[in-house]
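Note sheet for the following structure.
The values are calculated or read from the model by the stated rules, or taken from the named source; none is laboratory data. Quantities reported herein were computed from a predicted structural model and do not represent experimental measurements. So basically every Cβ, Gly included, is an ideal-geometry build from the backbone, and we count neighbours across all protein chains shown. Note: accessible area is taken over every heavy atom of the protein model, side chains too, but ligands, DNA and RNA are not part of it. Shrake-Rupley method; radii C 1.70, N 1.55, O 1.52, S 1.80 Å.
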Amino acid sequence: MPQCPFPSTDKADLRAQALAQRNALAPEARAAAAESAADHAMAWLGEVKGEVVSVFAPIGSEIATAPLVRRLREGGADIALPVVLAPGKPLIFRLWEPGVELEPSRGPGRFAIPAPPESAPAVTPDVLVVPLAGFDARGHRLGYGAGFYDRTLALLRRVKRIEAVGYAFAVQELPAVPDEPHDERLDAIATDGGIIRPVEE
């Protein structure tokens, strides 16, 4: 599996270098990778009929999720998207019905993250498809520094069984992501190179 060959243990440095790897991908490679990652994710998820699956609306150079959404809907899953309420708070999730236009919601920093309208029902997902800047084979995710998904996963895992699947390009894999006690591990990472099942620590 491709890895970013960076020895640094500084999260900001690792994030910058992993994002540079992601940004360098050519448009045609990105499109093909998104289709492959969607196939791998569906093979790992298996039967999704009747499940609520939260995906993300990609921003910047994040991997496209439209191919995955298409496959999930064909499999009978209900699709939700995360909504940022405020800094330091867990995410909530709103149902995204087919054909409904997304609206910009308040995101971390300068980003306006597309989300369903406020009239869309709030739901609790069974599966969380998680964006990331980088990841390692242990299932540790390097996010964007705001901590939204760590807080949200910690909350959800206290009340139900939930699968958390990182979703990214294979080139975003790092030799190791520094982890802290509050960091929530992923159950798997789906990339264009296949499924990474975290190794035991």
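Only Lys, Arg, Asp and Glu count, each charged at its Cβ (+1, +1, -1, -1), so figure out the dipole size of the chain about its Cα centre, rounded to 20 debye.
The dipole of the chain has a size of about 380 debye.
Please build a GNM for the chain, connecting alpha carbons under 10 Å apart, and tell me which residue among Gly143, Gly88, Gly166 fluctuates the most.
Gly88
Choose one of Gly88, Ala20, Gly139: the residue whose Cα lies farthest towards the positive end of the charge dipole of the chain (beta-carbon charges +1 Lys, Arg; -1 Asp, Glu; about the Cα centre).
Farthest towards the positive pole: Gly88.
Output the relative contact order of the chain, whole-number percent, from Cα pairs under 8 angstrom with separation of 6+ residues.
27 percent
Quick one: helix 148-159 against the long Cα principal axis of the chain, what's the angle to the nearest 10°, folded into 0 to 90?
That works out to roughly 60 degrees.
From the Cα gyration tensor of the chain, with a ≥ b ≥ c the square roots of its eigenvalues, which class applies: rounded if a/c is under 1.5, or else prolate if a/b is larger than b/c, or else oblate?
Because its axes are fairly even, with a/c under 1.5, the chain counts as rounded.
With every protein chain present, what is the per residue accessible area of the stretch 49-136 (1.4 Å probe, Å²)?
Here the per-residue accessible area is 45 Å².
Per DSSP H run of n ≥ 4, the term is -39500 (n - 2.57); total these for the chain, divide by its residue number, and report the mean residue ellipticity at 222 nm rounded to 500 deg cm²/dmol.
Rounded to the nearest 500, it is -8500 deg cm²/dmol.
Quantify, in whole percent, the carbon and sulfur part of the accessible surface of the chain (1.4 Å probe; protein heavy atoms only).
Roughly 55 percent, rounded to a whole number.
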